[in-house]
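Presented below is the structure to which this report refers.
The values are calculated or read from the model by the stated rules, or taken from the named source; none is laboratory data. Since the structure is predicted, the reported quantities are computational estimates derived from the model, not experimental observations. Don't worry about glycine lacking a Cβ; one is built from the backbone with ideal geometry, like all the others, and counts go over all protein chains shown. These area figures cover heavy atoms from the full protein model, side chains too; ligands, DNA and RNA do not enter into them. Shrake-Rupley method; radii C 1.70, N 1.55, O 1.52, S 1.80 Å.
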Amino acid sequence: MPKYIRRAFSPLFLLALWEVAARLNWIDHRFFPAPSLIFRELWSQLITGNLGSDVAVSLLRLACGLLIGGIPAMIIGILMARSRLAHDLFHPLVVAGYPVPKIAILPLIILMFGLGEWSKIVIIAAGTFFLMALSVLEGVSRIEKRYFSIARLLRLSAAEEWRSIIIPAAMPALLHGLKLSVGSGFMLLVASEFFASHSGIGYRIWASWENFNITALYGGLFTIMLLAIGLQAGIETIEKRALPWRISEEE
C-alpha cells in the first residue's frame, strides 16, 4: 500500500465513522455536526472570501513569529554547542524559560505591545525560540569530534568549517525544531487571536462560539488541522531535498 494511502487511511476512516454516526443519530448534532456539513460550511466561507482572508492573516502572523523567534534561536543554539562561554551564559536562561507556558505571559505581552499585530507575533516568537534553541543545541552537540579534527588537518577556515560541518549537522535538528514550532505556533496563534483580534482563524473560531455556530467552529478547527498537515508536508519536502543522505539511510 502506498505511503500516502496509509497516512490518509485513519483520518478518512474516522471522518467516515463520524458521518455515519451523525446520520444515524448516534451522536448529538448540536455538538457533533456531520463532517459533510462542516466541509459545506468551509466551502461557503471559501466562496465568500472570509476563509481565505482569515487564513492569509493567520499564516502571515505565524511566519513572522517563526522567523523572529527561529533565527536568533538557531544562532544561539549553535553558539551554545560550540562555545563553553556561550553555553554557560545562555543555557540557564533557555532551560528556565522553556517550561514556562507561553500563553501565561500573553496578558503581559498584550500590555507591552498592545492589541495589534506585534503581540501575536511576539508570543509565537517566544514559543518558537526555546524549542528551536534546544533542538539545535542537541543536534550540533552530537557532531563527532573527529570531523573537527579532519577540518584542522585540512586547514579549513572558520567559515568553511561552519559551511561544511556545523550547518549540515544542524539541519536535521533545525527542521525537527521547525516541525515542533509549527505545532506550538498554531496553538499560540489561535489563543492570541481569541483575545486580541478581529481577524484570523482564532477570531473566527471564537466568533462562532459566541454565536453558537458549532458547524463554523468545527470548520475553523478543520482549517487549522489542514494547514498544519500542509506545512508539515512542506517541511518534509524541504528535508528530502536538503538532507538526501538521511532519507536514503531511513529507506
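For the reader, a short list of remarks on this structure follows.
- Some residue of segment 151-165 being closer than 24 Å to A73 by Cα, touching a helix residue (DSSP H, G or I) at 6+ places or on another chain (Cβ under 6 Å) and open to solvent by 60 Å² or more (accessible area, probe 1.4 Å): no
- Helices (runs of 4 or more DSSP H) completely within segment 126-242 that count 1 or more residues being touching a Leu at 6+ places or on another chain (Cβ under 7 Å) and of a type outside the set (S, T, Y): 167-195, 201-210, 214-242
- Which listed residue is open to solvent by less than 20 Å² (accessible area, probe 1.4 Å) and under 16 Å from the mean Cα position of the chain (by Cα), from S192, S184: S192
- K240 fulfils the conditions (1) within 25 Å of K102 (Cβ to Cβ); (2) open to solvent by 50 Å² or more (accessible area, probe 1.4 Å); (3) modelled with pLDDT under 90 except for a single criterion, (1).
- The set of residues from segment 95-109 being part of a helix (DSSP H, G or I) and either touching a Gly at 6+ places or on another chain (Cβ under 7 Å) or open to solvent by 20 Å² or more (accessible area, probe 1.4 Å) (or both) comprises V95, A96, K102, I103, A104, I105, P107, L108.
- Of all the listed residues (F39, F32, F13, F9), the sole one being over 30 Å from T128 (Cα atoms), touching a helix residue (DSSP H, G or I) at 6+ places or on another chain (Cβ under 8 Å) and assigned to a helix (DSSP H, G or I) is F39.
- Qualifying residues in segment 110-125 (those that are in contact (Cβ under 8 Å) with a residue 60 or more places away in the chain and either touching a strand residue (DSSP E or B) at 6+ places or on another chain (Cβ under 8 Å) or part of a helix (DSSP H, G or I) (or both)) - the one nearest to A169 (Cα to Cα): A125
- Positions within segment 222-237 being more than 15 Å from the chain's Cα centre (by Cα) and either open to solvent by 40 Å² or more (accessible area, probe 1.4 Å) or among the aliphatic types (A, V, I, L, M) (or both), in sequence order: T237
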